[in-house]
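Novice: Next up is a structure, given as structure tokens.
The values are calculated or read from the model by the stated rules, or taken from the named source; none is laboratory data. Not measured: the values here are computed from a predicted model. Every residue, glycine among them, receives a Cβ derived from its backbone with ideal geometry; neighbour counts consider all protein chains shown.
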Amino acid sequence: MFESLSGETQLYPILGDPIGFVKSPQRLTAKFAERKHNGACVPMLAPEGTLSDLLRGIAPVSNVRGLLVTMPHKGTMFQHCATASETSKLLQVVSIVRRNEDGSWHGDMLDGLAFVEAQKKAGATVEGARVLQIGAGAAGSAIAAAMLDAGIRELILHDVDTAKAEDLVKLLAHRGQVASGPPDPTGFDMVINTTPMGMHPEDPLPVSSELLTASMFVGDVVAGHGQTPLLEAAQAAGCKTADGSGMVDAGLDLMLEFLLQKQ
């Protein structure tokens, strides 16, 4: 994978905190090799509050051609973009950026498209579904928008920060049937967790496991941790499931096309 590393290698760091669980570096670097592109994705542990200093340091490093952005920087990175996709402008978040010709950053938010694709590949019937989504953060906002665009019948959003959920409802109201509500999965076709809950063993379940039934599809954004407690509970109830690794896999081609400016 690293035989082609040289002074001509183009770098695409992934920034976040925590960063130890990410799978994108090896997978995206392998994808670059498949395309005969001399590029490498490297993880960079960037705690909250350090992004501005980091970007100033990266600015003159001309072979840093793009960045993958994970929590907690998706909103902050948007503020550093000179140009952005319409989805990013609407939500004011990015998950990936590339250099413009003048060296500034162009951003996009691919989390939603990747998540929807992962659910479909795992067997979910998205179109016409009634969906309960837990989480209205940066990734959650993009996923909510993409789910509505994919033709779901209704989306109910829950977040412990009720104001955040209400704000997202207002922002997406023109895209379809969306409202805020409690974390009760009763009567839903799909239940999706777009929060970090499940990254640590002591995390509570996003929804009560006793309310899950076999007719529900349960999806989780948490990647790199195997089957989260939510997915274990869902599988015990007979549900079909999709974990965050499927979202990472579905997003690789989207990332590749964006970074190589093919779209």
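Novice: With a cut-off of at least 2 residues that are in the same structural domain as Lys120 (by TED's automatic domain parsing) and hydrophobic (A, V, I, L, M, F, W, C), name the strands (runs of 3 or more DSSP E) lying wholly within the range 152-263.
Specialist: 154-158, 178-180, 190-193, 217-220
Novice: Inspect all residues belonging to the range 80-89 and state whether any of them is under 19 Å from Arg175 (Cα atoms), touching a Lys or Arg at 6+ places or on another chain (Cβ under 9 Å) and among the β-branched types (Val, Ile, Thr).
Specialist: From the range 80-89, those under 19 Å from Arg175 (Cα atoms) are 85-89; that's our starting set.
Those left that are additionally touching a Lys or Arg at 6+ places or on another chain (Cβ under 9 Å): none.
Checked against the condition, which is being under 19 Å from Arg175 (Cα atoms), touching a Lys or Arg at 6+ places or on another chain (Cβ under 9 Å) and among the β-branched types (Val, Ile, Thr), the range 80-89 yields no hits at all.
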